[in-house]
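These notes are about the structure you will find just below.
The values are calculated or read from the model by the stated rules, or taken from the named source; none is laboratory data. Every value quoted in this text rests on a predicted model; they were computed, and no experiment measured them. Cβ: placed from backbone, ideal geometry, glycine included. Neighbour counts: every protein chain shown.
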Amino acid sequence: MSAPSIGQLSPLPRSFYARDARVVARELLGKVLVRREGRALLAGRIVEAEAYLGAIDPGAHAYRGRTPRNAVLFGAPGHAYVYFIYGNHYCTNVSCQPVGEAGCVLLRALEPVCGIAAMAALRGLALPANPRPSQLRLLTSGPGRLSQALGISREHDNGCNFCSRRSGLYIVDDGSAAGEILATPRINVTSAPLDEWRFVVIGNTFVSGKRPH
DNA sequence: TTATAGATTGCCT
DNA sequence: GGCAATCTATAAT
């Protein structure tokens, strides 16, 4: 009996996401985000994530109630919330908590696992045959970068079902442990600077920022 | 109707 | 380290 490859593993079930976003964010570290584009398989291990809640979290898009942009957050958990930020970038979230509670987890950094050449193409980067770690970081170290590296857009992916393999975008558990986890304040969330709802894998090269922790 | 800030990134000095 | 790019949501006229 051999270990199944990434592409054969089943998506995490909806019950995984139907919990407090802070718990989900922490537990998503070490899991693998999978993207299918036709025959191509792109995948990366989640090494940084942030939790956003609803009515009690001034840093969250859902804080002021439902709008066309954030409607996905008020539906069933386990769906993609993709938004366009600063006129330049997409950010990828997974909705959490039971129906009616608007929590989500922002995916902020991945360690590439599968499809590195395709990711580089989507990012518009020319990687050498043996890229240095500092060059690989440019693929998926940051929420806008990882979204671009996996070809994720609001037009195509907002609202898609993270619990279905057929959606082409989902998360699996390949059995490996995340390692030691650190909680910190969220990046660029000035309205709630004291909440330590950003979770990172300590020492992982792909955590975003110059000094990751 | 206009102004401004924002869950970012890349290029410039 | 500074700042431009440039879309969206919300606040201010």
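Taken over region A:84-95, the criterion of being near DNA strand B (Cβ under 7 Å from one of its atoms) and either within 20 Å of A:A55 (Cα to Cα) or not in a strand (DSSP E or B) (or both) is satisfied by A:Y86, A:G87, A:N88, A:N93. Among the conditions (1) within 16 Å of DNA strand C (Cβ to nearest atom); (2) under 20 Å from A:R145 (Cβ atoms), the only one that A:G59 does not satisfy is (2). If you go through region A:23-55 and pick out every residue that is surrounded by fewer than 22 Cβ atoms within 10 Å (Cβ to Cβ), closer than 18 Å to A:P98 by Cβ and more than 16 Å from DNA strand C (Cβ to nearest atom), you end up with 2. Scanning region A:124-168 for residues that are within 16 Å of DNA strand C (Cβ to nearest atom), more than 15 Å from the chain's Cα centre (by Cα) and more than 22 Å from A:S208 (Cβ to Cβ) gives A:E155, A:H156. Of the residues making up region A:86-120, those that are over 14 Å from A:L73 (Cα atoms) and either loosely packed, with under 15 Cβ neighbours inside 10 Å or modelled with pLDDT under 95 (or both) are A:Y86, A:G87, A:N88, A:H89, A:A117.
Criterion applied to A:L9, A:L53 was being within 13 Å of DNA strand B (Cβ to nearest atom), of a type outside the set (F, W, Y) and either at pLDDT 95 or above or closer than 22 Å to A:G115 by Cα (or both), and the one residue passing it is A:L53.
Here are some residues: A:S153, A:S147, A:S134, A:S191. Which one is under 19 Å from A:V105 (Cα atoms) and loosely packed, with under 13 Cβ neighbours inside 10 Å? Working first, answer last.
Working: A:S153 fails: loosely packed, with under 13 Cβ neighbours inside 10 Å; A:S147 fails: loosely packed, with under 13 Cβ neighbours inside 10 Å; A:S134 fails: under 19 Å from A:V105 (Cα atoms).
A:S191 is the lone residue from the list that is under 19 Å from A:V105 (Cα atoms) and loosely packed, with under 13 Cβ neighbours inside 10 Å.
Within region A:5-20, being without any contact (Cβ under 8 Å) to a residue 40 or more places away in the chain and assigned to a loop (DSSP other than H, G, I, E, B) holds for one residue alone: A:S5.
Do we find that A:S176 is closer than 15 Å to A:C91 by Cα and among the polar types (S, T, N, Q) in this structure? Judged against the criteria, A:S176 is not a match. Looking at A:V113, A:V99, which one is touching a residue at least 40 places away in the same chain (Cβ under 8 Å) and either over 15 Å from A:R198 (Cα atoms) or not charged (D, E, K, R) (or both)? Testing whether each residue is touching a residue at least 40 places away in the same chain (Cβ under 8 Å) and either over 15 Å from A:R198 (Cα atoms) or not charged (D, E, K, R) (or both) leaves just A:V113. Only residues that are in contact with a Ser or Thr (Cβ under 9 Å, 6 or more places away or on another chain), among the aliphatic types (A, V, I, L, M) and away from DNA strand C (no atom under 16 Å from the Cβ) were counted in region A:169-199, giving 2. Scoring A:C91 on the criteria (1) away from DNA strand C (no atom under 16 Å from the Cβ); (2) touching a residue at least 24 places away in the same chain (Cβ under 8 Å); (3) not small (G, A, S) leaves a single failure, condition (1).
Filtered by the rule that a residue be under 16 Å from A:L182 (Cβ atoms) and either outside any loop (DSSP other than H, G, I, E, B) or aromatic (F, W, Y) (or both), region A:24-69 gives A:A25, A:R26, A:E27, A:L28, A:I46, A:V47, A:E48, A:A49, A:E50, A:A51. Evaluating A:P77 against the criteria (1) in contact with a Leu (Cβ under 9 Å, 6 or more places away or on another chain); (2) closer than 20 Å to A:E155 by Cα; (3) surrounded by 24 or more Cβ atoms within 10 Å (Cβ to Cβ) leaves one unmet condition, (1). Highlighted here are the helices (runs of 4 or more DSSP H) found entirely within region A:111-173 that include at least 1 residues which are among the polar types (S, T, N, Q): A:133-140, A:143-149.
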